[in-house]
Structures are given as structure tokens and as C-alpha cells.
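Peer 1: Structure incoming, see below.
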Amino acid sequence: MAGAEEQAPVSPASAPAAPWRNFYGRTSGKTLRPIQRRRLGAELGPLVPAGIDRATNPERRPVDLRTLFATPRPLWLEIGFGGGEHMVHQAARHPEVGILGAEPFINGVAMLLRRIDEAGVRNVAIHPGDVRDLFDVLPAGSVGRVFLNYPDPWPKRRHHRRRFVTPEHLDPLARVMAEGAELRLATDIPDYMRQALEEVPPAGFALRAGPEPLPPWEGWITTRYEAKALREGRAPAYAAFVRSAAPVRAAAPPRAG
């Protein structure tokens, strides 16, 4: 991955204050095996774009998309790639596209690195953190497709505001997506799909297809999360939303709790 151009350092006094954000969910699980730790130490760094986190880009300047991959290409985004099987499948199927994945769960990142090695794909980049970091610095209209596969369901009613399909996430997502770009959602939780159908269109999207049962869109690959849902008797459902020309509403402030 090509490196970003050097930028002048920013003093703490001149850097904008970091937005206060709650982060929910795990960042680590079972103890990593030695080979996973070695992969993380040797292989992750070159796949992480510069200028995404606040430490390297405190002013939150927009990143230069030409630095994300060795050659310029259209950009797709996978939010929470889990074990990486879908992301690698899409990268192999679409070598002309660059796929950027965000995943804070380090065990999932380690699994993705193994799959990248096995598949030999070179058109992927990884942000091992909160996808909202990407929303801060990706240029407006830069993303051509977004995948949201089996996001954390937060099943308790009092936790529904933690789901991704809320204005806090959808509004900045809509900003970085190009007009006509597609957001693809897969979930096995009916109430998650209900909330998505209510919350996604007001953020500047139109429902293109779904919610549908199997099979979903062309190029789908069953993930381990989907296989688990099927084993446990839950029916997956899929929906596709297209980014419309509607303006993005003013971003909702983060909420506590």
C-alpha cells in the first residue's frame, strides 16, 4: 500500500477536540495463537491506511484515496468484516475494486490476515478499529458500495440505539457514499431489519431490494455467522438500499448510554 504524503505536525493546542463517542462491543476474544500474533505484527501494518486514526491525523484531514491502494481504483467498504471470508471473497471476485474493511475485534483481523494469505488478494485495506474513524476522513461521495453483514444485534430494547442503523452512524455513512452507491444489509434478526427499514431511508437512501430470504444478491458467500443462524433456526434476510440524491440531514450528536 502506498504511503501518504508527509503532513506538517499539529500541536495539541491547534488540533480539534476529539468527539466523545461511546464504543460498544468486544475488541478481543480468545487468546491469540502465536502464528496469529506473528501475522498481526508482520502483515497488518502495510494494510492499514495512513491518516485514519486521530494520532496520525489529529486535524481529521480527508485522506487521499490514491494512497489507499497501489493503483487507483473504486472503493468499497465492509463494516464489521467478522472473520473476513466475505471481504476476501469480494476482493477475489472484483480485483478491479479496492475493499476497505473496518473491524475492531482483533481476533477477526487475525483471521482476515490468514484468509488474505491463502487467497493471495492484494486489493484490500484494513482499519482495525471503529468505522466512525473512517467516516471522519473519507472524502464525500467516495464509496461505491457498502456491506453490513450480520451486525451486532443488540437485542435488548434499551440497547437498540447502539445498533449501526441509527442516525449517529447512517448520516456520516451517507456523506461518504456516492449517489447511486448501494448499501447491502444481511441480518438474521427480524427486529434489526425492521429498524433498518425505518431508519435507513431518512438518512438519504431508497430501498432497492428486499427484505428477502435466501438467496440474496449475486456474488454472496455464506459466512460463519450465517451458518450459525441457520443451524439455530433463524432465517437470514437481506436488503439493498441505494444512496439517493437527497441531502444528508445534520448529523445527530452521539448519545450516552
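The values are calculated or read from the model by the stated rules, or taken from the named source; none is laboratory data. The structure displayed is predicted, hence computed values, not measured ones. Glycine gets a Cβ as well: all are built from the backbone with ideal geometry, and neighbour counts include every protein chain shown.
Peer 1: Condition test on GLU59, is it of a type in the set (Asp, Glu), outside any helix (DSSP H, G or I) and surrounded by 19 or more Cβ atoms within 10 Å (Cβ to Cβ)?
Peer 2: No, not satisfied.
Peer 1: Hey, among PRO190, PRO254, PRO201, PRO216, which residue is modelled with pLDDT under 90 and surrounded by fewer than 20 Cβ atoms within 10 Å (Cβ to Cβ)?
Peer 2: Exactly one of PRO190, PRO254, PRO201, PRO216 is modelled with pLDDT under 90 and surrounded by fewer than 20 Cβ atoms within 10 Å (Cβ to Cβ), namely PRO254.
Peer 1: Moving to a separate point now. Of ILE116, ILE99, ILE52, ILE126, which residue is in contact (Cβ under 8 Å) with a residue 40 or more places away in the chain and in a strand (DSSP E or B)?
Peer 2: Testing whether each residue is in contact (Cβ under 8 Å) with a residue 40 or more places away in the chain and in a strand (DSSP E or B) leaves just ILE126.
Peer 1: Do we have HIS169 as surrounded by fewer than 20 Cβ atoms within 10 Å (Cβ to Cβ), touching a residue at least 12 places away in the same chain (Cβ under 8 Å) and either part of a helix (DSSP H, G or I) or over 18 Å from the mean Cα position of the chain (by Cα) (or both) here?
Peer 2: No.
Peer 1: What are the residue pairs meeting all of these: first residue in the stretch 130-147, first residue touching a residue at least 24 places away in the same chain (Cβ under 8 Å) and farther than 19 Å from SER244 by Cβ, second residue aromatic (Phe, Trp, Tyr) and not in a strand (DSSP E or B), Cβ atoms under 7 Å, and 6 or more apart or on different chains?
Peer 2: Pairs that qualify, where the first residue is touching a residue at least 24 places away in the same chain (Cβ under 8 Å) and farther than 19 Å from SER244 by Cβ and the partner is aromatic (Phe, Trp, Tyr) and not in a strand (DSSP E or B), are ASP130/PHE23.
Peer 1: Kindly provide the set of residues from the stretch 176-228 that are aromatic (Phe, Trp, Tyr) and either within 18 Å of the chain's Cα centre (by Cα) or outside any loop (DSSP other than H, G, I, E, B) (or both), ordered by number.
Peer 2: TYR192, PHE205, TRP220, TYR225
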